[in-house]
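Mind looking over this structure? Questions follow.
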Amino acid sequence: DGMMLVATMTMLVRRERGQPVRLAWACLALGVVLSITANVAFAYVLPDWAQGVISAWPPLLLLLAIHLLIQLRNTPEGTKT
């Protein structure tokens, strides 16, 4: 869920700067889909391998969230990337 928050904030800042927001939109969509999928999947009994895959999502999404935040920090205001 943190990915959705970071992606939303990234979109707001980048849009205000006139920069593209495609990656932020993709991360937001990925965060929503994975969050819903994981919540529904854990409502039922899953095999161990599936629980392992779902458990791997948070660190991967954290990596994407950090990438978005670094983009905001490293992109000067008003420049397009």
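The values are calculated or read from the model by the stated rules, or taken from the named source; none is laboratory data. This one's a predicted model, so the numbers in the text were calculated from it and none came from an experiment. Virtual Cβ from ideal backbone geometry, glycine too; neighbours counted across all protein chains shown. Each accessible area value is taken on the protein alone, full model and side chains, heavy atoms only, with ligands, DNA and RNA left out. Shrake-Rupley method; radii C 1.70, N 1.55, O 1.52, S 1.80 Å.
Using only Cα atoms and rounding to the nearest 10 degrees, what angle (0 to 90) does helix 48-74 make with the longest principal axis of the chain?
With rounding to tens, the tilt is 10 degrees.
Also, I was wondering about something else. Quick one: pull the percent of accessible area on the chain belonging to carbon and sulfur, 1.4 Å probe, ligands and nucleic acids left out.
Carbon with sulfur: 70 percent of the solvent-accessible area.
How high is the FRET efficiency between ARG73 and ALA29 when r is their beta carbon distance and R₀ equals 22 Å, given to the nearest 0.05?
E between ARG73 and ALA29, to the nearest 0.05, is 0.45.
How far is helix 2-16 tilted off the main Cα axis of the chain, in degrees rounded to 10, range 0 to 90?
20
Please determine, in degrees from 0 to 90 and to the nearest 10, the orientation of helix 22-42 with respect to the longest principal axis defined by the Cα atoms of the chain, where the helix direction is its Cα long axis.
Once rounded, one gets 20 degrees.
Cβ neighbours within 10 Å, averaged per peptide: list 19-32, 49-62 in order, most packed at the top.
Output ranking for 19-32, 49-62: 19-32, 49-62.
Could you state the accessible area per residue of the chain in Å², with a 1.4 Å probe and every protein chain left in place?
For the chain, the solvent-accessible area averages 68 Å² per residue.
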